[in-house]
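The values are calculated or read from the model by the stated rules, or taken from the named source; none is laboratory data. This structure is a prediction, so every number in the text was calculated from the model and none was measured. Note that each Cβ is placed from the backbone with ideal geometry, even for glycine, and that neighbours are counted across all protein chains shown.
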Amino acid sequence: GNSVTQMEGPVTLSEEAFLTINCTYTATGYPSLFWYVQYPGEGLQLLLKATKADDKGSNKGFEATYRKETTSFHLEKGSVQVSDSAVYFCALSGSDTGNQFYFGTGTSLTVIP
Amino acid sequence: DAGVIQSPRHEVTEMGQEVTLRCKPISGHNSLFWYRQTMMRGLELLIYFNNNVPIDDSGMPEDRFSAKMPNASFSTLKIQPSEPRDSAVYFCASSFGDRANTEAFFGQGTRLTVV
């Protein structure tokens, strides 16, 4: 079946710290992988995506690399800011999922000054 | 495009009342999803439409919930009768379901409170 597993939160970091949020997946076929971000009181927004093995998605200083051998798509940022405080969701979708989206449980990040 | 539009943004209703949530997907998108988000259960898929046809409604909690998509530009999620445990944020999302590697676009959500 298809599923996404994210590291449990909440995560609290000081400003300018390095961020890693782990994400692993189980899928039939070759899905696309996504990271979404949800700011308080808002809907989910696409942060970045990767569509095939070894692709790196990047946006706003965040990066994630599609690792087929480890079935992972870990989110990283070299220096977090207070404005990065949000909930982050890993997700997968593709033709083998019937184009449905499978989301992880979300990881809450708080960045303190 | 204005994005996925949901209404109302907030709804407070009394237990037993009927509630209707509305969604206008992005023009041209042919897949539409309804999700429910709570602290306890996280983000749950309720139902998924493709080309206005329900493809997977296995996430609909019970018969009190129903969803329709009468045309490509409008969908509703109805709860009748509503109960306090239905209190949650309900999101609608849409995508180009027949294109590979496409993302889903989410609305701002409807925060439902049943008292």
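Give the number of residues within segment A:81-113 that are within 15 Å of the chain's Cα centre (by Cα) and away from chain B (no Cβ under 14 Å).
3
In this structure, does B:Arg99 turn out to be within 14 Å of another protein chain (Cβ to nearest Cβ) and surrounded by fewer than 20 Cβ atoms within 10 Å (Cβ to Cβ)?
Yes; evaluated as a whole, the condition is true for this residue.
Among the residues of segment A:74-113, what is the count of those that are out of contact with any helix residue (DSSP H, G or I) (no Cβ under 9 Å at 6 or more places or on another chain), outside any strand (DSSP E or B) and not acidic (Asp, Glu)?
Residues meeting the conditions: 17.
Within segment A:45-88, track down each residue that is under 27 Å from B:Ile5 (Cα atoms), among the hydrophobic types (A, V, I, L, M, F, W, C) and touching a Gly at 6+ places or on another chain (Cβ under 9 Å).
A:Leu47, A:Leu48, A:Ala50, A:Val87
If a residue counts only when it is closer than 19 Å to A:Gly98 by Cα, which strands (runs of 3 or more DSSP E) contained entirely in segment B:43-99 have at least 2 such residues?
Correct list: B:53-56, B:88-95.
Among residues belonging to segment B:58-94 that are modelled with pLDDT under 95 and within 12 Å of another protein chain (Cβ to nearest Cβ), point out the one that is farthest from B:Met15 (Cα to Cα).
Checked segment B:58-94; the qualifying residue farthest from B:Met15 (Cα to Cα) is B:Ser58.
Pairs please, first residue from segment A:15-29 and over 16 Å from A:Val80 (Cα atoms), second anywhere and among the acidic types (Asp, Glu), Cβ atoms under 9 Å, 6+ apart in sequence or on different chains.
So the pair list comes out as A:Ala27/A:Asp96; A:Thr28/A:Asp96; A:Gly29/A:Asp96.
Can you find, within segment B:4-29, the residue that is farthest from B:Pro81 (Cα to Cα) among those that are polar (S, T, N, Q) and either more than 13 Å from every other protein chain (Cβ to nearest Cβ) or surrounded by fewer than 18 Cβ atoms within 10 Å (Cβ to Cβ) (or both)?
Top of the filtered list is B:Ser27.
How do the pairs read when you match residues in segment B:47-71 that are in contact (Cβ under 8 Å) with a residue 40 or more places away in the chain with residues anywhere that are surrounded by 14 or more Cβ atoms within 10 Å (Cβ to Cβ) and not hydrophobic (A, V, I, L, M, F, W, C), using Cβ under 7 Å and keeping only pairs 6 or more apart or on different chains?
Matching pairs, first to second residue: B:Asn50/B:Asn30; B:Asn50/B:Ser31; B:Asn50/B:Gly97; B:Asn51/B:Asn30.
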